[in-house]
1. Please report, in whole Å, how far the alpha carbons of the chain spread along each principal axis, starting with the longest.
2. Looking at segment 1-89, which trypsin sites (Lys or Arg not before Pro) are DSSP coil and have at most 14 other C-beta atoms within 10 Å of their C-beta?
3. Which residue, chosen from Ala19, Ala37, Leu68, occupies the Cα position most advanced towards the positive end of the dipole of the chain, where the dipole is computed from +1 (Lys, Arg) and -1 (Asp, Glu) charges on Cβ about the Cα centre?
4. Once both axes come from the Cα atoms, what is the angle between helix 80-104 and the longest principal axis of the chain, in degrees from 0 to 90, rounded to 10?
5. Can you give the extra length, in nm with one decimal, that the chain gains between Met76 and Gln95 once fully stretched, where that is 0.36 nm per residue apart less the Cα-Cα distance?
6. Can you list the residues of segment 6-36 with backbone N under 18 Å from a point 7 Å past the Cα of Ala57, pointing along Cα to Cβ?
7. Using only Cα atoms and rounding to the nearest 10 degrees, what angle (0 to 90) does helix 2-13 make with the longest principal axis of the chain?
8. Kindly provide the helix-only [θ] at 222 nm of the chain, computed as the sum of -39,500 (n - 2.57) over DSSP H runs of four or more divided by all residues, to the nearest 500 deg cm²/dmol?
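Values quoted throughout were computed directly from the atomic coordinates according to the rules given, and no laboratory measurement underlies them. Everything quoted here is computed from the prediction, not taken from an experiment. Here the Cβ is made from the backbone with ideal geometry for all residues, glycine too, and neighbour counts use every protein chain on show.
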Amino acid sequence: MVLDAYFLRSLTFAGYAPALAECARCGTSERPLVAFAMAAGGMVCAEDRPPGAASPAPQTVALMVALLRGDWTSAMRSERRHRVECSGLVAAYLQWHLEHSIRSLRHVERA
Ligand SMILES: [Zn+2]
C-alpha cells in the first residue's frame, strides 16, 4: 500500500491524478461512477464507460482516495481483496502513463 500511495502521489505531482470523485470524461458527480478508464484518466460514469474498462469495487475506489490523501487510518481498515484490486489498478494506470509519456518523447525535437 505504501508503494501504491507513492505511485498515486507521484502521478498527482506529475499532473496525472486519477479522477475518483467525478467522471474523468464529462465531470459529473451526479451519476454513479462505474468503471476505471486509463485513457480517460480515472473513474467514469456509465455513459462514458469505454469497452473493456475495469469495474472496481466502491471500497477499492475509496482506498485509492485514502492513499492519495495520505489517510492511513482509512487505508489500514481496507480488506485485502480491495488492496489487491487497488494495486492492480494503480500499476496499470502508472504503466499506461509511462508508456504514453515515453512514446511522446519521439515527438520532442532533439538539438
Ligand atoms: Zn461521464
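1. Its Cα atoms span 52, 33, 20 Å along the three principal axes.
2. On the way: sites: Arg9, Arg25, Arg69, Arg77, Arg80, Arg81, Arg83; in loops: Arg25, Arg77.
In loop regions of segment 1-89 (DSSP not H, G, I, E or B), the sparsely surrounded trypsin sites (Lys or Arg not before Pro) are Arg77.
3. With unit charges placed on the Cβ atoms, the residue in question is Leu68.
4. Long axis of 80-104 versus the principal axis of the chain: about 10 degrees.
5. Values: separation 19, 0.36 × 19 = 6.84 nm, distance 2.51 nm.
4.3 nm is the gain from fully extending Met76 to Gln95.
6. 33-36
7. Computed tilt is about 50 degrees.
8. Details: 4 runs with 54 residues, N = 111.
Rounded to the nearest 500, the figure is -15500 deg cm²/dmol.
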